[in-house]
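Undergrad: Quick one: structure below, then a few questions.
The values are calculated or read from the model by the stated rules, or taken from the named source; none is laboratory data. What you see is a predicted model; the values in this text were computed from it and never measured. Cβ sites come from the backbone with ideal geometry, for glycine too, and all protein chains shown count toward neighbours. We work out accessible area using only protein heavy atoms, side chains counted, and drop any ligands, DNA or RNA first. Shrake-Rupley method; radii C 1.70, N 1.55, O 1.52, S 1.80 Å.
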Amino acid sequence: MIEQNKTFTEVFNNYYEKLELFSKAITRAHGKNHPEAFEVRELFEAISKKVKEDVTKIDLENEFTQLRKITDNYTIPNNVCETYAATFHMLEELDKVYQA
């Protein structure tokens, strides 16, 4: 769990490397049975691009709204690995920090 006083960018930077690796890995491991994994990957890439643009106020409302919708509010399917679950947990934490 991330400290309460961290900014979105700090939390994002903390999770970036794992999310980059994990979001790609879940498409290969689970994409056949969980096509939403590809959308999760695309949305993570879109978020990454916006964060790297280093804008003062990053507008990620659309991306997080779509993530909540396609993941059923980050509900982890029963038949997935720990990497899949970790990806959802990190994205959910990012969403919460962004909304704060």
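Undergrad: Restricting to region 25-43, and then to whatever is of a type in the set (K, R) and surrounded by fewer than 16 Cβ atoms within 10 Å (Cβ to Cβ), can you tell me which residue is modelled with the lowest pLDDT?
TA: The selected residue is K32.
Undergrad: Out of all the residues in region 8-24, which are in contact (Cβ under 8 Å) with a residue 60 or more places away in the chain and open to solvent by less than 80 Å² (accessible area, probe 1.4 Å)?
TA: Within region 8-24, the subset in contact (Cβ under 8 Å) with a residue 60 or more places away in the chain is 8, 11-12, 15, 18-19, 22-23.
Of everything in region 8-24, those that are in contact (Cβ under 8 Å) with a residue 60 or more places away in the chain and open to solvent by less than 80 Å² (accessible area, probe 1.4 Å) turn out to be F8, V11, F12, Y15, L19, F22, S23.
Undergrad: Here's something else I'd like to know. Any chance region 54-71 includes a residue that's among the aromatic types (F, W, Y), surrounded by 13 or more Cβ atoms within 10 Å (Cβ to Cβ), in contact with an Asp or Glu (Cβ under 7 Å, 6 or more places away or on another chain) and not in a helix (DSSP H, G or I)?
TA: no
Undergrad: Going through region 72-85 one residue at a time, which ones are in a helix (DSSP H, G or I), open to solvent by 30 Å² or more (accessible area, probe 1.4 Å) and touching a residue at least 40 places away in the same chain (Cβ under 8 Å)?
TA: Scanning region 72-85 gives a single hit, T83.
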